Amino acid sequence: MVMELKERNNHFIFSGCDTVKLAQEYGTPLYVISEDIIQERCKEIREAFLDKYSNTKAAYASKAFLTLAMCKIIDREGLGLDVVSGGELYTAIKAGFPTEKIMFHGNNKSWEELEMAVKNDVGRIIVDNLYELEILGEIAKQHQKKVKVLFRVTPGIQGQTHEYIITGQKDSKFGMPLETQKIYEVVEEVMASEYIELTGFHFHLGSQLFENDIYIGAIHVMIQLAQELKEKLGFILTELNTGGGFGIRYTDHDKPKPLHFFTGAIMETVKEQCDKYHLDMPTVIIEPGRWIVGEAGITLYTMGAIKEIPNIRIYASIDGGLPDNPRPALYRAKYDAIVANKTNEAPSMTATIAGKCCESGDILIWDLKIPKIEAGDTLAVLSTGAYNFSMASNYNKLPKPAVVLVKEGKAEVIVERESYENLLDREIVPEYLKK
Ligand code: LLP
């Protein structure tokens, strides 16, 4: 079991709330996000990183899960925010998130998105490529502002994870490749710019990582670059953003490391390399997403049809699936689940949890060992806090689920369930078809 199971009256209790009652009250599918767990994770970030080392910052990678309420929690917990689109930036601004604590990422930011960031005094823009640098320069000039940027570079380091979520290798759509001559030219050009201030570099190696050696390898590459840039151009590295990617537990197969396993290695390596080259320590930034919110979320479903293919398999269907959680279909991601209204019953059957979409790939969990199930049972799929709500779709015109925030036994809706009317909100029938 992936988390320590709390139960009351044979019901699964999550953040003090009876999940069976949540399902009854708010309907299913239902995303349930625990503020208690997010709070614990943020505390660990402060203890293992922010308070432990001076000159450190942490930004929550909001692509994992972003709502107005989440922005408020992250701000209260003392973290910054990493956004990756105009939509994420808009959400943060609407939530009143302090814009100087926002880092704006993305490999193809538009003029409008960059202008929105400049107008709103976003703290750092992580420049991905030369085209972006050029248009950002023009925007900053038009607005007569000096914009602080980091360059995203690909240090040429490869992580062990799903091929769609590795990003640090040289052959990547993200960041600038470290062709030394080119990087010298760009840094030199920016150092002379009236409107752009380069504070340092950013790399992100991938997601759901369990080892720290690739962070160590990437830092070696980056500090050596900093040393060369100092020697050749007098450039001083003041900020180094080492990205996110810290792995979490989805099933018993995952063995996540404590945060200090990563942050300790990152800080020691930066210090050791800076000492080696007689450089001042830069401010070190991390930007975890999944690690903060992944295990803080569960999704509740109601079981429907249970179909036995004799001697082969039992398919147990739920009232959601691929549209609220595309990760198994996209990445063959594995999940664990429990029958929320039968916590005291031992597993006595093996069932494959099938989503309700017309798509044979819509299987959330293969061969799950569970107690005897029947239609009407509540299924809780665990560790769904990251990249589920944020990647949800309306495939098969299924309305998106509500999101409920739970904390010490209390529940609040933070995103309403979509209605059928909502599904048609933006649809228009041309006049000539109305007859
Ligand atoms: N920083 C940057 C620049 C990133 O691109 C990402 C994630 C993060 C931080 C946060 O990574 P995390 O700490 O959450 O691993 N949809 C995929 C994950 C894509 C991650 C993209 N970038 C999934 O569901 O596994």
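Please treat every number below as a calculation from the coordinates, not as lab data. For clarity, every value in this text was computed on a predicted model and none was experimentally measured. Note: ideal-geometry Cβ built from the backbone for every residue, glycine included; neighbour counts use all protein chains shown.
For the stretch 268-384, state the semi-axes of the equivalent ellipsoid (square roots of 5 times the eigenvalues of the alpha-carbon gyration tensor), sorted largest first and rounded to whole angstrom.
Output for the stretch 268-384: semi-axes of 42, 15, 13 Å.
Given the alpha-carbon gyration tensor of the stretch 28-100, what are the semi-axes of its equivalent ellipsoid in whole angstrom, ordered largest first, with each equal to the square root of 5 times an eigenvalue?
21, 17, 9
Which value, in Å³ per residue, describes the convex hull spanned by the Cα atoms of the stretch 79-162?
116
Distances over 24 Å make up what percent of all Cα-Cα pairs in the stretch 1-142?
Tail fraction, whole percent: 46.
Can you work out the PRE-style zone for HIS260? Point 7 Å along Cα to Cβ, and I want the residues of the stretch 25-53 with backbone N under 20 Å.
39-53
If each DSSP helix of 4+ residues adds -39,500 (n - 2.57) and the sum is divided by the residues in the chain, what number results at 222 nm, nearest 500 deg cm²/dmol?
-8500 deg cm²/dmol
With r defined as the distance between the Cβ atoms of LYS276 and LYS173 and R0 fixed at 41 Å, what FRET efficiency is calculated, to the nearest 0.05?
Taking R0 as 41 Å, the efficiency between LYS276 and LYS173 is 0.80.
PRE reach from ASN344 (point 7 Å along Cα→Cβ): which of the stretch 361-388 fall under 20 Å by backbone N?
Residues passing the 20 Å test: 370-374, 377-380.
Based on the Cβ-Cβ distance from LYS141 to LEU330, what FRET efficiency comes out when R0 is 45 Å, to the nearest 0.05?
Efficiency for this residue pair is about 0.65.
Could you put LYS307, LYS173 in order, starting from the residue whose Cβ has the fewest other Cβ atoms within 10 Å?
Fewest-to-most Cβ neighbours within 10 Å comes out as LYS173, LYS307.
Taking 35 Å as R0, compute the FRET efficiency from the Cβ-Cβ separation of TRP111 and GLU416 and round it to 0.05.
0.60
Can you sort SER207, SER110, SER390 so the residue with the fewest Cβ neighbours within 10 Å comes first?
Ascending Cβ contact count within 10 Å gives the list SER110, SER390, SER207.
If I model a spin label as a point 7 Å beyond the Cα along the Cα-Cβ vector, how far apart are those points for LYS232 and LEU424 in nm?
Using points 7 Å along Cα→Cβ, the separation is 6.2 nm.
Among residues other than VAL190 whose Cβ falls under 13 Å from its Cβ, what is the net charge (Lys/Arg +1, Asp/Glu -1)?
Net charge in that neighbourhood comes out at -4.
Within the set of other residues whose C-beta is less than 11 Å from the C-beta of PRO288, count the net charge using Lys and Arg as +1 and Asp and Glu as -1.
-1
For each of LEU279, LEU30, count neighbouring Cβ atoms within 10 Å of the residue's Cβ, then give the residues from fewest to most.
If I rank by nearby Cβ atoms, fewest first, I get LEU279, LEU30.
Once both labels are modelled 7 Å past Cα along the beta-carbon direction, what's the GLU359-ILE309 spacing in nm?
Rounded to a tenth, the inter-label distance reads 1.9 nm.
With a ≥ b ≥ c the root eigenvalues of the C-alpha gyration tensor of the chain, is it rounded (a/c under 1.5), prolate (a/b larger than b/c) or oblate?
Prolate, because a/c is 1.5 or more and a/b exceeds b/c.
When the Kirkwood hydrodynamic radius is evaluated over all pairs of different C-alpha atoms of the stretch 35-293, what value in angstrom, to one decimal, is obtained?
18.4
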